Amino acid sequence: MDEVVQQEQPTKRKIVPDAEFVQKWQSAESAQAVADDLGLQRASVNARACGLREKGVRLKKFPRAPAFGRQPRDESYYADLAALAELHGDLCPEEEVSPDEDNEVSEDEA
C-alpha cells in the first residue's frame, strides 16, 4: 500500500497596508479589536504600532490588558521570594546602595 503523506502548506501572511492599519488602530477600543478586525495576532498589531510610533506616527495608546493570572504584588511577596531563594541555593552578591544616594540631587540636576 502506498501511503500518501499530506504536507501542511505554510500559512500565508496577511498583508495590511499601513494606511488601513492606522485607520483601524485609531478607531478601535483595544489592540485585540484591531487584531480581530484584521485577522492578525494581538502581539503582531502591538509590535506594528510600536514600530510605527518609532518612525514618528503618533498612534494612540490603549490601556495595558492585564496579564492572565497575574496579580499585583506587594513588598512582602518579594521578601518571601527572597527568603525562598536563600533556602534553595547560593545568592548573588547584594548591590550596595546607601540611603543617601537614592535621594541626592546631583549638581547637574539642580
Open item on the list: At 7 Å along Cα-to-Cβ for each site, give me the label-to-label distance between Lys14 and Ser30 in nm.
Closed with: 1.7 nm
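How much length, in nm to one decimal, is gained on full extension between Asp37 and His88, taken as 0.36 nm per residue of separation minus their Cα-Cα distance?
Details: separation 51, 0.36 × 51 = 18.36 nm, distance 4.79 nm.
Stretched out fully, the Asp37 to His88 stretch lengthens by 13.6 nm.
For Val34, what charge total do you get from the other residues with a beta carbon under 10 Å from its beta carbon, if Lys and Arg give +1 and Asp and Glu give -1? If you can, show how the numbers build up before the last one.
Details: positive: Lys24, Arg42, Arg48; negative: Glu29, Asp36, Asp37.
In short, 0.
The numbers here are math on the coordinates, done by the rules we state, and not lab data. This is a predicted model, so every value here is computed, not measured. Glycine also receives a Cβ, built like all others from the backbone with ideal geometry; neighbour counts cover every protein chain displayed.
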